[in-house]
Structures are given as structure tokens and as C-alpha cells.
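As C-alpha cells, the structure follows; a few thoughts come after it.
The values are calculated or read from the model by the stated rules, or taken from the named source; none is laboratory data. If you're wondering where the values come from, they're calculated on a predicted model, not measured in any experiment. Counting neighbours? That spans all protein chains shown, and the Cβs are built from the backbone with ideal geometry, glycine included. Ligands, DNA and RNA are stripped out before the accessible areas are found, and what is left, the full protein with its side chains, is counted by its heavy atoms. Shrake-Rupley method; radii C 1.70, N 1.55, O 1.52, S 1.80 Å.
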Amino acid sequence: MTDLVITKEEAKKYVLYKHGLFGDYQYQGKQGILDFIAQSGCIQFDPVDVVGRNADLTLQSRIENYDKNDLYELLYQDRLLVDGHDKMMSIYNISDWHHLQAIRSGYLNREDVRFKELSSLAEEALNYMETQPFVSSIEIESDEHILWGYGSAKKSRAVLDLLFYQGKIVVHHKERSRRFYAPRSRFLEPDQQVFDSDDQQMDWHVLRRIAAVGLLWNQNSDAFLGIANFNAKSRIASFKRLLDSDRIQKVKIDGIHKDFYIKTEDITALYKAKNIVDSGRLEFIAPLDPLLWDRKFIAALFDFDYKWEIYTPKEKRTYGHYVLPVIFGSEFIGRIEFEKQAGNLAIKQFWKQEQGVVPADTLINSVYRFAKFNDLAYP
């Protein structure tokens, strides 16, 4: 099959349209949340809440009149979404639970002295949880500490993390950033075999990430983080199988001397995006948004180099602590940093790109909408 050749502008429109960020809103309400997460595979969860947590920030830019309560209900009342590991800590559709068994198995079978140290406490915690509607680390408190992923942690918290990573418990609900857990068996059936081989599992996950970003190259990329047993050799082999079976197609973008790949089913969206009229939408994008999973790709295509500087020492930051990219039409036109001030939303600073021409009323209307999303007033 002849390689597809497209212009940069066509690639921009397609990628943004694929993400529900170009043209009219494609997603509404709870069903829109489910549909977007289905097309992206997952959205990353991060507990930091400056002006919204990452998952909510991701959805507010796609779902028309997004309501945070809808996501909470889908997770902990409707149980159509689930917290779990995929692209790091993520939220994904419950229908994908069995497909991600390899990630949980990695924690079950991992030879780690810390895991062995927690084994007896894990059994005790599970037995206790069977007698309770839900628990948090505080309710099974322990003063003993262990060296854990985020530093020294109480064993009572670490053991719940481990059981969660292994898929033995699930999040029952959250109160702000605090998780309450319950045995997995109350909500999910035992793991089922979905794939006939490791190659099949790898291809499913690689294809999922290509579809999530819209276009990806066959090289090292943060877009592939979290895939079980993933390395350069497995990536190259998977791309070859996907290409040979016509599940992906090669795409060349004028002006970028790299080969990209698109999910074959998404070629229709590529052609559709060419003819979509720019509706003049302006959106604030989450730091860990699926659109930004491969930031080198975004820099190459949009000439927009973004880094989330929340963990960068203040004196070394180029911009700010919690800065959101701004998209207007088919371009990244700047960065914005918000802050909460006594019930109000304030713009701390706005950095305009060279191509960052945007009508003032469009920006202000978008800020009003963003304030409403955060239950804040503006100004």
C-alpha cells in the first residue's frame, strides 16, 4: 500500500479532531466521557488539584459543559470506569480490565524484597477488608515504615498500594484525594484470559496507544509508558506485525523527516478532518493530556515545546508551577497559569506564542467557562 503523505496543517487538524479538540464539540455528558475514554484508551489520574485534577482537566476540554460529578459517578456508582494502572495511574473503561491483566501480573510475580516483606500484612489486610464495607489506610494504621515508591511510607499504606497494584482490591470511592478500598471480588469477576499470546497482548496495547495519540512514530516515546514487558525490541516487532496485518498505515508529514503510523480505522477521520471548518474553539489542556503523551511529536508538529514543571525547582522553571497549554483552532497559541483566590479564578500569567493571536472576548469567555468548571467566580 502506498504511504499516505499529508501536510503539517492536515496533520494538526486530524490530531486535534481525533482528540475532540477541533471543530464543534463531539462529546456530551456521561456518554461523552465513556466515548472519549474509549477512543483514548485511558486518561491519566494525578491527585494534584491546583485548578482541577488532571483527569477532570482532560475531560473539561472535550466534554461540552463538563461536570466533575459525572466522572465520579461513572467510577464509583455506575462502575463503568475503573481506577487502575495503564499509562501510569489511569482511568479506563471497565471493559478493558481483563486486557490489562499483564500489568497486574507483573506486580503479583515480581521478585521484590519489599513485596515479600508486606506479604503477611497483605493477607491480614485482605481478611480485615472482607469484614468491612470499605477501608482506608488510617483504619488499619501501622507505625512501621517501609521504603516505598514515593519515599518512606507506613506499611499500612504501602500494603494497600500493593494490593491495588496487584488487582486484589479496587477503589470503592474517594474523599478528595483519599482513597477508600474494597475487595475486588465485590465488583469484578476473576481475571479472564483475553490474549492467546504475549505478542497479541503487546499488539493490542501498542495499537491502543497509536490510536490514543492519533499519530505515532516507531521510536522511544513516553506514549508507550506502562505497557507490560515493553522495550525497543518488542516495540519494533509489534509495529511490524501491525503493519503487515494492515492494522496500521505509514504516514509521511511534509517537513518532518520521520515516518509516522496511523491506525487504519482512523484514516477516515484523517480525511474528514481536512474539511472541518475551524469553529474558533479555545481550550486549556491538561498537563498529562493524551494529546501530550509524546511531547517531542507535539514539538515537531506544532512547534510547541511543553514541559510540566511542577516537579522542577522554582529557580529552574522556564514558566511556572502548574501551567496549562492553550489551543485555539488548530494551533497551540500559548500557556496559561491560573490560581484560586478566595473563591475566584485568577490568571497568574499568560505566555503568548508567536502564532498566538486570539480575540480577547474568546479568551475571556473560555476563562469564564473554566472558572465555572472549578466552581469559582471570574473575575
Original post:
If you go through the stretch 245-263 one residue at a time, do you hit one that is of a type in the set (Phe, Trp, Tyr) and either free of Cβ contacts under 8 Å to residues at least 40 places away in the same chain or more than 30 Å from Phe338 (Cβ to Cβ) (or both)?
Top reply: yes
**OP:** Read through the list (1) modelled with pLDDT under 95; (2) open to solvent by less than 10 Å² (accessible area, probe 1.4 Å), then give the number of the only condition that Val51 fails.
**Re:** (1)
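Taking the stated definitions as given, is Phe224 closer than 15 Å to Val213 by Cβ, in contact with a Lys or Arg (Cβ under 8 Å, 6 or more places away or on another chain) and in contact (Cβ under 8 Å) with a residue 12 or more places away in the chain? Let's see the steps before the verdict.
Details: closer than 15 Å to Val213 by Cβ: yes; in contact with a Lys or Arg (Cβ under 8 Å, 6 or more places away or on another chain): yes; in contact (Cβ under 8 Å) with a residue 12 or more places away in the chain: yes.
Answer is yes for this residue.
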**OP:** Please work out which residue is modelled with the highest pLDDT, limiting yourself to the stretch 347-379 and to residues that are open to solvent by 60 Å² or more (accessible area, probe 1.4 Å), more than 16 Å from Leu282 (Cα to Cα) and assigned to a loop (DSSP other than H, G, I, E, B).
**Re:** Asp375
Original post:
For Gln44, all conditions in the list (1) in contact with an Asp or Glu (Cβ under 6 Å, 6 or more places away or on another chain); (2) within 17 Å of Ala211 (Cα to Cα); (3) polar (S, T, N, Q) hold save one; what is the number of the exception?
Top reply: (1)
Original post:
Given the residues Leu100, Leu160, which is the only one that is of a type in the set (A, V, I, L, M, F, W, C) and under 23 Å from Ala38 (Cα atoms)?
Top reply: Leu100
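Considering each of Phe115, Phe164 in turn, give the residue that is under 26 Å from Arg53 (Cα atoms), open to solvent by less than 80 Å² (accessible area, probe 1.4 Å), among the aromatic types (Phe, Trp, Tyr) and not in a loop (DSSP other than H, G, I, E, B). Spell out the reasoning first.
Details: Phe115 fails: under 26 Å from Arg53 (Cα atoms).
One residue alone meets the criteria, Phe164.
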Original post:
Just for the stretch 183-197: of the residues that are over 24 Å from the mean Cα position of the chain (by Cα) and within 24 Å of Leu162 (Cα to Cα), which one is most open to solvent (accessible area, probe 1.4 Å)?
Top reply: Gln193
Original post:
Quick one: in the stretch 60-82, which of the residues that are charged (D, E, K, R), touching a helix residue (DSSP H, G or I) at 6+ places or on another chain (Cβ under 7 Å) and not in a helix (DSSP H, G or I) is most open to solvent (accessible area, probe 1.4 Å)?
Top reply: Arg79
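Results for (1) loosely packed, with under 14 Cβ neighbours inside 10 Å; (2) under 24 Å from the mean Cα position of the chain (by Cα); (3) modelled with pLDDT of 95 or more, shown as yes or no for each residue.
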residue: Leu121; (1), (2), (3): no, no, no
residue: Tyr128; (1), (2), (3): yes, no, no
residue: Ser137; (1), (2), (3): no, no, no
residue: Lys155; (1), (2), (3): no, no, no
residue: Ala158; (1), (2), (3): no, yes, no
**OP:** Give Tyr25, Tyr14 a once-over and let me know the one that is of a type outside the set (A, V, I, L, M, F, W, C), closer than 30 Å to Lys252 by Cα and part of a loop (DSSP other than H, G, I, E, B).
**Re:** Tyr25
**OP:** Report yes if Gln201 is crowded, with 19+ Cβ neighbours inside 10 Å and touching a helix residue (DSSP H, G or I) at 6+ places or on another chain (Cβ under 7 Å), otherwise no.
**Re:** yes
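For the stretch 56-90, enumerate the residues that are of a type in the set (A, V, I, L, M, F, W, C) and under 18 Å from Phe180 (Cβ atoms).
Start the filter on the stretch 56-90 by keeping residues that are of a type in the set (A, V, I, L, M, F, W, C), which leaves 57, 59, 63, 71, 74-75, 80-82, 88-89.
Those that are of a type in the set (A, V, I, L, M, F, W, C) and under 18 Å from Phe180 (Cβ atoms): Leu71, Leu74, Leu75, Leu81, Val82, Met89.
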